[in-house]
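To start, the structure under review is shown below, and the notes come after it.
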């Protein structure tokens, strides 16, 4: 194997593609103007921004003026959720799930403190929401439903089209956090009845610190970030032009090879999982086995905890995670795993492997060798 680490944590972040860096570089050095300026340097920067806006809009079948740029998925989620609620004078009912990213759950908790009523949709053992539950739990005062497209830990893909159709029929706004899925799964905001969609550049081989929010034309949001009149008055602050250009380029590259790459990763993932289960006893696969991100392999291992396994993998030059990168350092079992009904002890043995463009079968086969040795070693220590 190469001396370079085997990187199997693409749901945490992805490496910047050389083509993306190449597209960004002129906007650091030469076309560095403020896109709000009227002279030529500003116009060059503005052209880069608008080109990226168009690329993102095309990728989701939206109009360019329905895309605003943000600092990433967390800001996009906050802007969508708080933007809807803040225009309602502290009144209203919102629905979400227990397996959302913290960037959705924490704004929901903040709104509850302000008097909004937050209700949690149930999820099955596969991590999926039943659209019938959404329909059953909608109320006349429901103002927003927020359900992520694909879970960042277990990879389950929600029935977004069905949920969106139910919300549209009821006249309720529907937001989806598509940070994990955008650029990897086909998304059509019109066909899926999506009103608001969050995405982030660094999950699809773009730069960190850049994201976007789709806002369906006609929807009025209270501004989350006050300041100047940038983004047609919808988000104050000077735009991160190189980051936005990088996001646009990353989206174009991802969409161009999306189907073939998804098929390749899905095949590798399935072979990897089969070998894991053949070589190591007591492995439990979490999430849906059918409706699942093509690159996601999330397992729980009986009799061991995830952290020492991850340390063993790291010593062998293999990068994986126990779940959401935003929860690293927590000693508690994942709330996602507890929400789908896993016992706490088993949930503490969670490991997430997420594949990427550079992942090969040799990397995965070597990972199984290392993991098998680590599991056997830890289990033997626990029986002494």
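Each value in this text was obtained by applying a stated rule to the coordinates, not by laboratory testing. Remember, it's a predicted structure, so these values are computed and weren't measured experimentally. Methodologically, a virtual Cβ is constructed for each residue, glycine included, from the backbone with ideal geometry; neighbour enumeration extends over all protein chains shown.
Before moving on, here are some points about what is shown:
- Pair residue 169, residue 267: separation of 7 Å Cα→Cβ label points (nm): 4.0
- A full extension of the chain between residue 88 and residue 4 corresponds to an added length of 25.0 nm, given 0.36 nm per residue minus the alpha carbon distance.
- For peptides 230-238, 188-196, 366-374, 52-60, sequence by mean Cβ density within 10 Å, most packed first: 52-60, 188-196, 366-374, 230-238
- Debye equation applied to the C-alpha atoms of region 162-227, log10 I(q)/I(0) at 0.13, 0.14, 0.27, 0.30 Å⁻¹: -0.41, -0.48, -1.21, -1.32
- Region 67-123 - percent relative contact order, Cα under 8 Å, separation 6 or more: 39
- In the elastic network of the chain, a GNM with C-alpha springs shorter than 10 Å, the most mobile of 140, 207, 242 is 140.
- For the residues 294, 107, 308, a GNM of the chain with alpha-carbon springs under 10 Å puts the largest fluctuation on 308.
- Working from Cα pairs under 8 Å separated by at least six residues, relative contact order for the chain is 22 percent.
- DSSP bridge pairs, the chain: antiparallel proportion in percent, nearest 5: 55
- Ascending count of other beta-carbon atoms within 10 Å, so fewest first, for 113, 65: 113, 65
- Comparing mean-square fluctuations of 322, 339, 274 from a GNM of the chain with C-alpha springs under 10 Å, the top value falls on 274.
- Exposure proxy ranking for 105, 346, based on other Cβ atoms within 10 angstrom of each Cβ and starting from the fewest, stands as 346, 105.
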